[in-house]
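Beneath this line is the structure, given in structure tokens, with notes to follow.
What follows is calculated from the coordinates using simple rules that are stated; it is not laboratory data. What you see is a predicted model, and the numbers here were worked out from it, not measured in a lab. Cβ atoms come from the backbone with ideal geometry, glycine included; neighbour counts cover every protein chain shown.
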Amino acid sequence: MSDCQLYLISPLDVAGPFVDRLAHALDAGPVAAFQFRVKNVDEHQAARLAEPLQRICADREVAFIVNDSISLAKRLGADGVHLGQGDGEIADARQRLGREAQIGVTCHNSRHLAMEAGEAGADYVAFGAFFPTTTKQTEYVAEPELLTWWQALMEIPCVAIGGITPANAAPLVAAGADFLAVSNAVWGGDEVAAVKAFAALLA
């Protein structure tokens, strides 16, 4: 049995039918966390979009993580926040969201950024992109040995992100990823089939 778990990231469009798609995906296999990631909407609109999705996650005991915004995470009472390198300080997030909040940090392909995040109290670090991705512009490319290095050194979990599919994920699991963060591989097609394929890989 693999210790690696699935971490879903939302598409940018989470309105309308996406609510049902999320429920179907979470019912298709084990998912550890769901990250709410929208761009170019104000906080009121983001909160309205998030609330039904947050309920679906809560009903299934899936952690609900807000991307980028500490204030939105606090407003929603989310399970945590995921911070990019320009999205705020871990200490500030901890103070505003509390001890129990899961705080993750994007560390690209940088050992230095990951060590800094760990020392600052992050609950997990995210490395990537491991493969070409259409979800966001790829500025950094990470290699699987980065995951192995981290696992040998640190207790804090690591997340692999970037173009991950059921077909290419096995080397990342073998290298020591604690979580596979996926978006387009699930939402770009049949979300039920995709989650089942990841579940088979991680079983």
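Within the range 127-144, the set of residues being among the hydrophobic types (A, V, I, L, M, F, W, C) and either touching a Lys or Arg at 6+ places or on another chain (Cβ under 9 Å) or buried (at least 18 other Cβ atoms within 10 Å of the Cβ) (or both) comprises 127, 129, 130, 131, 142.
Residues in the range 174-193 that are crowded, with 20+ Cβ neighbours inside 10 Å and charged (D, E, K, R) were compared, and the one that is farthest from residue 9 (Cα to Cα) is 178. Within the range 4-23, being β-branched (Val, Ile, Thr), surrounded by 18 or more Cβ atoms within 10 Å (Cβ to Cβ) and either within 15 Å of residue 158 (Cα to Cα) or out of contact with any strand residue (DSSP E or B) (no Cβ under 6 Å at 6 or more places or on another chain) (or both) holds for one residue alone: 14.
For the range 1-26, residues that are touching a helix residue (DSSP H, G or I) at 6+ places or on another chain (Cβ under 8 Å) and closer than 13 Å to residue 195 by Cβ total 9. Any chance the range 27-45 includes a residue that's assigned to a helix (DSSP H, G or I), crowded, with 21+ Cβ neighbours inside 10 Å and not acidic (Asp, Glu)? Scanning the range 27-45, I find no residue that is assigned to a helix (DSSP H, G or I), crowded, with 21+ Cβ neighbours inside 10 Å and not acidic (Asp, Glu), so the answer is no. Number of residues in the range 27-46 that are touching a helix residue (DSSP H, G or I) at 6+ places or on another chain (Cβ under 6 Å), closer than 23 Å to residue 70 by Cα and of a type in the set (Gly, Ala, Ser): the value is 1.
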